[in-house]
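Working notes, beginning with the structure itself.
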Amino acid sequence: KKDPKAGSWSTPVWLTGGVNSEYHDAFATFTADGKTMYFTRSNEAKGKAKKNAKNEITLKILKASLIDNEWTNIEEFAYNNDDFSNAHPALSRDGKYLYFSSDRPGGFGATDLYVCTWDGSKWGEPVNLGATVNTAAREGYPWLSADNTLYFASEGHPGLGGLDVFKSKGSGNSWSAPENMKAPVNSSRDDFSYSIDDDGKFVNVSSSRNGNDN
């Protein structure tokens with residue numbers, strides 16, 4: 001939890017239930033009521049890493065439900081596949097759209113951003129966000145702010161080096177031309193996984209920079 005005045009964080013605690021495994025579990029996104037979570041996990045079967053025909057361990061999106069304060073009923077996202085990765089899920093605040101990155105066939109490059117729309121009972125087919133957002137290089141780590149701004153990382157749009165954080169306005173699969181967040185958010189190294197609190201006062205960003213990087 002975060003102290004809203006100081007902006008400091010308390011010591012992390014495990015999420016109870018079955019959402020943590022022996023492998024990669026990360027990038028959780030929650031419905032507004034806090035009872036449903038989507039997250040990324042390394043492909044595994046019976047507790048062991050599962051490789052595909054290319055000898056790769058892909059990433060998958062899983063869904064979990066909060067029941068009696070434990071995360072249970074873990075299910076695979078309908079559009080997972082052993083042959084490619086789905087990762088970095090991000091829900092819109094109204095729960096209507098689920099954004100994620102994937103290297104599924106038919107994209108513009110290494111990994112693209114996609115969106116699925118909730119029809120009231122299930123998620124529709126993934127739709128590529130198009131050439132305005134996606135490039136021949138990597139796009140990933142989408143995140144939606146309270147004002148429905150889409151933040152994501154890209155190494156294909158002009159930036160400061162490596163992955164940079166960009167923002168775009170829109171909805172569904174229609175988005176404006178991405179705007180580079182520039183320094184100090186971005187650096188000459190990889191900068192990604194951006195989020196901002198609803199008051200717009202505190203930003204979190206992951207980076208491979210060190211003290212000497214600009």
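The values are calculated or read from the model by the stated rules, or taken from the named source; none is laboratory data. Not measured: the values here are computed from a predicted model. Note that we place each Cβ from the backbone using ideal geometry, even for glycine, and neighbour counts take in every protein chain shown. Side chains are part of the model used for accessible areas, which takes the heavy atoms of the whole protein and leaves out ligands, DNA and RNA. Shrake-Rupley method; radii C 1.70, N 1.55, O 1.52, S 1.80 Å.
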Using only Cα atoms, what is the ratio of the radius of gyration of region 1-74 to 2.2 N^0.38 Å? 1.33
All lysines inside 20 Å of residue 122 as judged from Cα atoms, apart from same-chain residues fewer than 8 positions distant: 35, 60, 63, 96
If a/c stays under 1.5 just call it rounded; otherwise compare a/b with b/c (prolate if a/b is bigger, oblate if not). Do that for region 64-123, with a ≥ b ≥ c from the square roots of the Cα gyration tensor eigenvalues. prolate
May I ask for the net charge around residue 114, where only other residues with Cβ less than 13 Å from the Cβ of residue 114 are counted and Lys, Arg are +1 while Asp, Glu are -1? -3
Give the label of the value calculated from the structure for Cα extents along the principal axes in Å, choosing from (1) 61, 42, 26; (2) 61, 50, 32; (3) 45, 44, 37. (3)
Would you work out which of 55, 91, 38 lies farthest towards the positive end of the dipole of region 11-156, given +1 charges on the beta-carbon of Lys and Arg and -1 on that of Asp and Glu, about the Cα centre? 55
Sort region 24-131 into rounded, prolate or oblate with this rule: let a ≥ b ≥ c be the square roots of the eigenvalues of the Cα gyration tensor; rounded if a/c is under 1.5, and if a/c is not under 1.5, prolate when a/b is larger than b/c, oblate otherwise. oblate
Only sites in a loop by DSSP and with at most 12 other Cβ atoms within 10 Å count here; which chymotrypsin sites (Phe, Trp or Tyr not before Pro) in region 1-65 make the cut? 14
Net charge, residue 186 excluded, C-beta distance under 10 Å - Lys, Arg +1, Asp, Glu -1: 0
Assign one of three labels to region 89-214, namely rounded, prolate or oblate, based on the Cα gyration tensor with a ≥ b ≥ c the square roots of its eigenvalues; rounded applies when a/c is under 1.5, prolate when it is not and a/b is larger than b/c, and oblate otherwise. oblate
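Which percent of the accessible heavy-atom area of the chain goes to carbon and sulfur, probe 1.4 angstrom?
On the way: 5800 of 11740 Å².
Carbon and sulfur: 49 percent of the exposed surface of the chain.
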Considering only DSSP states other than H, G, I, E and B, which trypsin sites (Lys or Arg not before Pro) in region 1-37 qualify as loop sites with at most 10 other Cβ atoms within 10 Å? 1, 5
Please work out the C-alpha center-to-center distance from region 2-67 to region 136-214 and express it in whole Å. 21 Å
Under the Karplus curve 6.51 cos²θ - 1.76 cosθ + 1.60, θ = phi - 60°, whole-Hz ³J(HN,Hα) for region 151-162, x wherever Gly or Pro sits: 9, 7, 9, 8, 10, x, 6, x, x, 8, x, x
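Taking the solvent-accessible surface of protein heavy atoms with a 1.4 Å probe, what is the per residue accessible area of the chain in Å²?
Values: 11740 Å² over 214 residues.
Per residue, the chain has an accessible area of 55 Å².
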Sites removed, the longest contiguous part of the chain containing no DSSP-loop GluC sites (Glu not before Pro) with at most 16 other Cβ within 10 Å is 57-214
